[in-house]
Structure formats: C-alpha cells, structure tokens
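These notes are about the structure you will find just below.
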Amino acid sequence: MNRSELARTAQAMVATGKGILAADESTGTIRKRFDAIRLESTEEHRRAYRELLFTAPGAGEAISGVILFDETLRQRTADGTPFPQYLADHGIIPGIKVDRGAKPLAGFPGETVTEGLDGLRERLVEYHKLGARFAKWRAVIDIAAGIPTAFAIDANAHALARYAALCQENDIVPIVEPEVLMDGDHSIERCEEVTDATLSCVFKRLQDHRIYLEGMVLKPNMVISGKKAPERAAPEAVAQATVRCLKRHVPPAVPGIAFLSGGQSPTEATLHLSLINRAGPLPWSVTFSYGRALQETALQAWGGRSADFKTGQQEFARRARLNGLASQGRYTPDMERAA
C-alpha cells in the first residue's frame, strides 16, 4: 500500500470547487434512462452518451473524477482514445464501480447485502492496469416497518470494510458508500436515527479492518425526509441534520465527503449541498458524487439526437458548474435562471 499516493488521490477527488460524476450505471439502469428518451440501449449509444459527458467543454473545471462501469472503462472516444486515458489527460481521475449489486439478505425479509467480494482482488489488479485510481462500492439500507436491523447494517458495513481494504492494498482509493434510502414515508428524524447507526457501524468496521482513513472518500446520503413523507423537512433542516450527523461519526482524518443525490431532483440536490457547506466550518471537504442529479437534464437535452450533442454537453457543463459552486456554499436557486 502506497499511503502517500492514496492520500494524494483522495485529496484530488475532493479538490475545492470540484466533485465526482457517477457515470457507473449498469446496463439495466441505463436502459431505463434511455427508455425515457426513446433511445435503444446499444453499446454504441451508451458509448456516445458517455463521450458526451466526458468531453463536455468546461465540465472538467468542476469535475475531479468519474466513476465508470466495467463496459465504459474499456470503451474509447470516437477518435480511438481509451476513456480512462482521455479523462486522465484532461485532469480527471478515472474510477470504477466494483460491487455486483444489492441482493436479498437471507433470513432478513426486506433487507439486502451487497455482493461482489469474490474475485475482487484480481479485478482490482486489472482495473488498476486499465487506469482506474479509485473504486466505488454501494451498500443499501432501507427504512420501513421493523427495518433496518442492526444485523443488516453490520453485514453491509463489514462488506464495505473488506472492499476498502482490498482497494487500498492495490493503491486504489475506496469510495465507501452506505446509502440510507429516501424511498419511504419516514420523517427526517427517523432518517437521522438510521444514518447515525449506519455511520457509527461503518467507521467501527473500517477501523477493525485497518483502513487508512486519509486514503478514502465517504459517499453518504443526506439526512432527509422520505419521498412519501406527508410533510417533508425544509432544506435548511436537511443541512442542519446532515452536518450534525456527520460531525458525530466521521473522523476529521477522512479528507472528503462526496454526497450521493439519492433520488433528489437536480435543483434540490444542489441546494442542499450548498446549504451544508454554509453550515461550516467543517473538518472535511464536502462535495458531490451525483449520477442522475448531474445527468438528467443533459440526457433530456441530447435526446439521442446527434444534432443536439453539443446542447447536451452545454447542459451537463452547466449542472457541473452549479454543483461546483454548491460545494463551496456559493450556489443560490436564482442561479438556475442565470446559468
């Protein structure tokens, strides 16, 4: 393990004014996104769409790294440059999603555990050779009647820690992503309670597995009301609860926190991030690692039409720029119209 290299990469991933693009949608997930614009999910369409994002003029000013899917890591730009090489040449760190999805946790109805540890060491060796310098593993914690159980939280925390150890062994920075879902009708108070329990367990397991905290990035959920909650907490309350929760559990040695958007609208995710950064001073760099919240409006603007390729790029660069400002607490909603 090269600690100085891990720390350097982790710090670059959360550099001031920059965040991470999550472009690691599985083939099944991107098919759903393409269905919404009536575009067939062929390998070439997927490649062209990722090229639209990666080569968007100006986006690199607010994007520090990109999480790729296995297929995408092996693809090339139209002129034949491997995507990881293109990104690295433009100052953007290539990363890779390595988990194999959340599967039912036997004996615990309604709960899941993320799989993918078998053979991971060998895959990480190959991914490093292909240019990946960080990785991502997502654990999923659902809130409903009687769940999550302490056992399910611990099972996912244990897998996250084993994954992180294998990454660091191969000089790859692990993004540790414990996501408490916002799909239910729970209150913000219930979300805070579950996020508290989850982060407490995750950092205990990371310590048990001797994870070098300076060489990792945390990708948590914000503390937020469930989508179906009858009364959803105001943005200011989300920021306050999120900061309170993180300060309780995330050691200052962790260089950065890159939030997932978790089903929030693009504008909602950007506003919450900005308000969180205004709640400082914070001991870590706090930024974004968004997927749909960065891509949704760009995908719609492009619509699969070659004539609108540049329009899609402009929209992606706009959202990246707004989130870059939010990562410094400088975003306000009136910028949506100005941008």
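The values are calculated or read from the model by the stated rules, or taken from the named source; none is laboratory data. Since we're looking at a predicted model, the values are computed, not measured. Heads up, the Cβs are rebuilt from the backbone with ideal geometry, glycines too, and the neighbour counts pull from every protein chain shown.
Exactly one residue among LEU73, LEU21 is closer than 18 Å to VAL173 by Cβ, touching a Leu at 6+ places or on another chain (Cβ under 9 Å), surrounded by fewer than 23 Cβ atoms within 10 Å (Cβ to Cβ) and modelled with pLDDT of 95 or more, and that residue is LEU73.
Every residue, every condition in (1) among the aliphatic types (A, V, I, L, M); (2) closer than 21 Å to MET13 by Cα, yes or no:
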| residue | (1), (2) |
| --- | --- |
| LEU87 | yes, yes |
| GLY95 | no, yes |
| ALA135 | yes, yes |
| ILE153 | yes, no |
| ALA164 | yes, yes |
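Applying a threshold of 9 Å to beta carbon distances and a minimum spacing of six or more residues, or different chains, the list of pairs starting in region 99-124 at a residue that is part of a helix (DSSP H, G or I) and ending at one that is among the β-branched types (Val, Ile, Thr) and at pLDDT 95 or above reads LEU120/VAL98; ARG123/ILE96; ARG123/VAL98; LEU124/ILE96; LEU124/VAL98; LEU124/ILE172. A single entry from THR297, THR311 fulfils the requirement of being hydroxyl-bearing (Ser, Thr, Tyr), more than 27 Å from ASP142 (Cβ to Cβ), over 21 Å from the mean Cα position of the chain (by Cα) and not in a loop (DSSP other than H, G, I, E, B): THR311. What tally of residues in region 20-64 results from selecting those that are at negative phi, in contact (Cβ under 8 Å) with a residue 60 or more places away in the chain and assigned to a loop (DSSP other than H, G, I, E, B)? Selection size over region 20-64: 9. May I ask you to verify whether THR81 is surrounded by 16 or more Cβ atoms within 10 Å (Cβ to Cβ) and modelled with pLDDT of 95 or more? Criteria not met by THR81. Does ARG8 fit the bill of being of a type outside the set (Phe, Trp, Tyr), in contact with a Pro (Cβ under 7 Å, 6 or more places away or on another chain), modelled with pLDDT of 95 or more and surrounded by fewer than 22 Cβ atoms within 10 Å (Cβ to Cβ)? Spelling it out, it is not the case that ARG8 is of a type outside the set (Phe, Trp, Tyr), in contact with a Pro (Cβ under 7 Å, 6 or more places away or on another chain), modelled with pLDDT of 95 or more and surrounded by fewer than 22 Cβ atoms within 10 Å (Cβ to Cβ).
Of LEU218, LEU282, LEU246, all but one fail to be aliphatic (A, V, I, L, M), over 21 Å from PRO333 (Cβ atoms) and surrounded by fewer than 22 Cβ atoms within 10 Å (Cβ to Cβ); the exception is LEU282.
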